[in-house]
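Chemist: Structure incoming, see below.
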Amino acid sequence: MRRNPNHELTNDEYREILSLPNHVIAIIRSDATFYKVSEISTPVLGWEPDEVVGRPVQEFVHTEDFDRTLGTMAGLFLGTSSEVKEFVNRVRHKDG
């Protein structure tokens, strides 16, 4: 789904994105806190979506992957990258 960056997503569009099966999907604010997280995060990561929303990304991303993750996020927020087709990083499971 390619969108105009100035267009606010509708609730239906959020639900469509967050319902992708077998993928942990997160929408992150420009202050690097989680805004929305897909339900699949619970069985995969052990965290309920409401435990993640509002918390900093840094709390969940593996320390060795954080600089790369932050760089990718910054490129998207600053407009130096228009899209990321694939991105993988390690995250911290709730049980450690």
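Chemist: Here are the criteria: (1) open to solvent by 60 Å² or more (accessible area, probe 1.4 Å); (2) over 26 Å from ASN11 (Cα atoms); (3) of a type in the set (A, V, I, L, M). Tell me which single one VAL24 does not satisfy.
Modeler: Every condition holds for VAL24 apart from (2).
Chemist: Hey, among the residues in segment 80-95 that are open to solvent by less than 70 Å² (accessible area, probe 1.4 Å) and free of Cβ contacts under 8 Å to residues at least 24 places away in the same chain, which one's nearest to VAL57 (Cα to Cα)?
Modeler: VAL84
Chemist: Moving on. Select from segment 28-42 the residues that are open to solvent by 40 Å² or more (accessible area, probe 1.4 Å) and hydrophobic (A, V, I, L, M, F, W, C) and write down the one among them that is farthest from HIS93 (Cα to Cα).
Modeler: ILE28
Chemist: Can we say LEU70 is at pLDDT below 85 and open to solvent by less than 100 Å² (accessible area, probe 1.4 Å)?
Modeler: no
Chemist: For segment 48-56, check the following and say yes or no: at least one residue is aliphatic (A, V, I, L, M) and not in a strand (DSSP E or B).
Modeler: The answer is yes, given that some residue of segment 48-56 is aliphatic (A, V, I, L, M) and not in a strand (DSSP E or B).
Chemist: Return yes when ILE17 is open to solvent by less than 70 Å² (accessible area, probe 1.4 Å) and in a helix (DSSP H, G or I) and no when it is not.
Modeler: So ILE17 fits the description; yes.
Chemist: Here's a follow-up. If TRP47 meets every condition in (1) out of contact with any Pro (no Cβ under 9 Å at 6 or more places or on another chain); (2) free of Cβ contacts under 8 Å to residues at least 40 places away in the same chain; (3) surrounded by 13 or more Cβ atoms within 10 Å (Cβ to Cβ); (4) under 21 Å from ILE17 (Cα atoms) apart from one, which number is that one?
Modeler: Failed condition: (2).
Chemist: Still on this structure, please answer the following. What's the number of the only condition in (1) at pLDDT 85 or above; (2) closer than 20 Å to ARG92 by Cβ that LEU45 fails to meet?
Modeler: (1)
Chemist: All but one of (1) in a helix (DSSP H, G or I); (2) at pLDDT below 85; (3) in contact with a helix residue (DSSP H, G or I) (Cβ under 9 Å, 6 or more places away or on another chain) hold for GLU39, so report the exception by its number.
Modeler: That leaves (1) as the condition not met.
The values are calculated or read from the model by the stated rules, or taken from the named source; none is laboratory data. Since the model is a prediction, treat every value here as computed from it, not as a measurement. Methodologically, a virtual Cβ is constructed for each residue, glycine included, from the backbone with ideal geometry; neighbour enumeration extends over all protein chains shown. The protein model used for the area step is the full one, side chains on, heavy atoms only, and it has no ligands, DNA or RNA in it. Shrake-Rupley method; radii C 1.70, N 1.55, O 1.52, S 1.80 Å.
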